[in-house]
Amino acid sequence: MTANCFVRHSALLAVGGFDERFRAAWREDSDLFFSLLERAGRVAPAPHAVVVHPVRPAHWGVSLAHQRDILFATWFTYDHDGSPLWLSFTAPKQADGSYAGTLYRTTGPAFSASPFDPARVVATDVGTASLVFTNGNAGTFTWSFEGVTRSTPITRQIFVSPGTVCQ
């Protein structure tokens, strides 16, 4: 979904325009669309309008799956030579409330390969990763990969308020 729509200028002003918390151009248009629907009412489609988005490289992304006290994360980033890189980690909840685990690079046949040979799948330990959440929608992702350690804030893409409320 993208926010290719027409609205009155007053409606755009009423919702405050684009949310500046979106520091990169990704999903800010959907957020604006949902804000307009929620606060300004009718949004008219523009089926014949053409929107051209310049291609911008995404530097990285992380996807989390949560079940009980364990997180599973897949991390898309780029290797030292600029080639795409997928890493993953399973992170059990720690005594301090954080989640931490071993970072793996997995190689082998594509999941869609026919026949799929699981014996060719190799998971190599390449570092560590941890997640600390300040609330249900924000936290810090810390990783150590091939001798480099970094820490960066992460924010969930919220489409409907209030987002996730931890209990």
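Counting only residues 5 or more places away or on other chains, whose amide H sits under 5 Å from the amide H of G136 once H atoms are built in the peptide plane?
Correct list: C166.
Going by C-beta contacts inside 10 Å, put S114, S144 in order with the fewest on the left.
Numbers: S114 6, S144 15.
Ranking S114, S144 by Cβ neighbours within 10 Å, fewest first, gives S114, S144.
For W60 and F111, compute 0.36 nm times the residue count separating them, minus their Cα-Cα distance, and round to one decimal in nm. Can you show the working numbers first?
Details: separation 51, 0.36 × 51 = 18.36 nm, distance 2.20 nm.
16.2 nm is the gain from fully extending W60 to F111.
Most exposed first by the Cβ proxy, i.e. fewest other Cβ within 10 Å, how do V126, V121 rank?
V121, V126
Read the figures in this text as sums done on the coordinates, not as results from a lab. The structure displayed is predicted, hence computed values, not measured ones. So basically every Cβ, Gly included, is an ideal-geometry build from the backbone, and we count neighbours across all protein chains shown.
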